[in-house]
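Participant: Supplied in structure tokens, the structure appears directly below.
The values are calculated or read from the model by the stated rules, or taken from the named source; none is laboratory data. None of the values given here were measured: they were computed from a predicted structure. Cβ placement follows ideal geometry from the backbone for every residue including glycine, while neighbour counts extend to all protein chains displayed. Surface accessibility is based on the protein's heavy atoms, side chains included, excluding ligands, DNA and RNA. Shrake-Rupley method; radii C 1.70, N 1.55, O 1.52, S 1.80 Å.
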Amino acid sequence: MINLNRRRTLALAVGGTALATQLPAVLRAAERQAALRYPLRLSANENPWGPGPAARLALAAAIDDSCRYPMESSARLLAAIAAKENLSADNVAIGSGSAELLNVLATGWCARKRLVSAWPTFNQIHTMAASVGADIVHVPVDAALRHDLPALDAAVNGNTGIVYVCNPNNPTGTVVPAAALRDFCKSIGERALVVIDEAYLDFADPAATGSMVELVRSGANVVVLRTFSKLHGLAGLRVGYALARPDLIKKIRGPHLAIPNGAGLAAALASLGDQ
């Protein structure tokens, strides 16, 4: 039997009133959670709402073409990306997620060479670079968890293949101001290829940083990477792209490790135009 006295009775009454007041908000939160496609796996930074409406329609329509190799879909997406970024089709390479493109860059530029990056950061390129005998130099982020640009510069030597900058950085969430990063890319680009991973740029404050695609337009020794995995919610469909000078793109396209899937390409194309 529950022992009730006046104090406990009053506490239960107050608690019940508070719960009744909060119940609509609690129910709305539960409904939102139930609508998510996945648990919130913070280590993966997934978009739990999944693809947008246009991408979902494109996915359904793409089922009939699943028996075909997606050359035409790839060409359409490539042209759309080039138009969006005010570039030529020769400035764009599509990959099975930006992870595949990071692997291609590691094998193409880091074999028995040096890879320089901040640490901690996204480690996909480090894993592949290590497998091809790269000298991997981790430059610790500063006290504010930001890229230490002078220290990264100092770590570059004559045998450096790539300097990798994830901006915004995963997992610290910090950004490099656009002007500082632009100057850094121009300086380092005279000695090594600079790879700017902009997977999370859609989530950054535009006043805090910016894309380095303008350096691609000016012919700098820079590769900019983007993905449809995060904002577009297509992580499971594996579509990413690289933006760079035509000579760099030609080298990136050469050793493709996989053919992007047609359904993913169709969803990406639809999502690209879905604001």
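Participant: Hey, which aspartates and glutamates would be in cross-link range of LYS250, C-alpha to C-alpha under 14 Å, not counting anything within fewer than 8 residues on its own chain?
Facilitator: Leaving aside aspartates and glutamates fewer than 8 places away in the same chain, those within reach of LYS250 are ASP90.
Participant: Further question: Please report the Cα spread of the chain along all three principal axes, rounded to whole Å, starting with the longest.
Facilitator: Result for the chain: principal-axis Cα extents of 81, 52, 35 Å.
Participant: Testing the spin-label approximation: label points 7 Å from Cα along Cα→Cβ at ALA258 and SER43. State their distance in nm.
Facilitator: Each label point is offset 7 Å from its Cα along the Cβ direction, giving 2.0 nm.
Participant: Could you tell me which residue out of GLY52, SER66, ASN103 lies farthest along the dipole of region 51-208 toward its positive end? Charges go on the beta carbon: Lys and Arg +1, Asp and Glu -1, centred on the Cα centre.
Facilitator: So the residue we want is ASN103.
Participant: Whose amide H sits under 5 Å from the amide H of ILE136, counting only residues 5 or more places off or on another chain, with H placed in the peptide plane?
Facilitator: Correct list: LEU115.
Participant: Would you mind computing, in nm to one decimal, how far apart the modelled labels at ARG56 and SER88 are, each placed 7 Å from Cα along Cα→Cβ?
Facilitator: My value for the distance between the label points is 4.1 nm.
Participant: How large is the charge dipole for the chain, taken about the Cα centre, if only the Cβ atoms of Lys, Arg (+1) and Asp, Glu (-1) carry charge, to the nearest 20 debye? Mind showing how you got there, number by number?
Facilitator: Working: 26 positive and 21 negative charges, 152 e Å.
So the dipole magnitude of the chain works out to roughly 720 debye.
Participant: Here's another thing I want to ask about it. Could you do me a favour and compute the accessible area per residue for region 201-275, 1.4 Å probe, result in Å²? Walk me through the numbers on the way to the answer.
Facilitator: Working: 3170 Å² over 75 residues.
So region 201-275 comes to 42 Å² accessible per residue, rounded to a whole number.
Participant: Can you tell me the dipole magnitude for region 136-197 around its Cα centre, using point charges on the Cβ only (Lys, Arg +1; Asp, Glu -1), in Debye to the nearest 20? Can you show the working numbers first?
Facilitator: Working: 4 positive and 6 negative charges, 18 e Å.
That gives a dipole near 80 debye.
Participant: Can I ask one more? Distances longer than 24 Å among the Cα atoms of region 153-275: what percent of all pairs is that?
Facilitator: On the way: 2405 of 7503 pairs.
The share of Cα pairs beyond 24 Å in region 153-275 comes to 32 percent.
Participant: Quick one: the Cα spread of region 221-275 along its three principal axes, in angstroms, biggest first?
Facilitator: Sorted largest first, the three principal extents are 30, 23, 15 Å.
Participant: Shifting gears a bit: Taking the DSSP beta bridges in the chain as the whole, what percent of them are antiparallel, to the nearest 5? Before the final figure, lay out each step's value.
Facilitator: Details: 8 of 27 bridges.
Just about 30 percent of them are antiparallel.
Participant: Please list, in order along region 95-105, the HN-Hα scalar couplings obtained from phi with the Karplus expression 6.51 cos²θ - 1.76 cosθ + 1.60 (θ = phi - 60°), rounded to whole Hz, x for Gly and Pro.
Facilitator: Per-residue couplings from phi come out as x, 7, x, 5, 4, 5, 5, 5, 5, 4, 5 Hz.
Participant: Follow-up question, since we're still on this one. What figure in square angstrom, to the nearest 10, would you give for the accessible area of ARG245 with a 1.4 Å probe?
Facilitator: 60 Å²
Participant: Dimensions of region 47-139 along principal axes (Cα, Å, largest first)?
Facilitator: Its Cα atoms span 46, 33, 30 Å along the three principal axes.
Participant: At a probe size of 1.4 Å, how large is the accessible area of ASP90, to the nearest 10 Å²?
Facilitator: It works out to around 90 Å².
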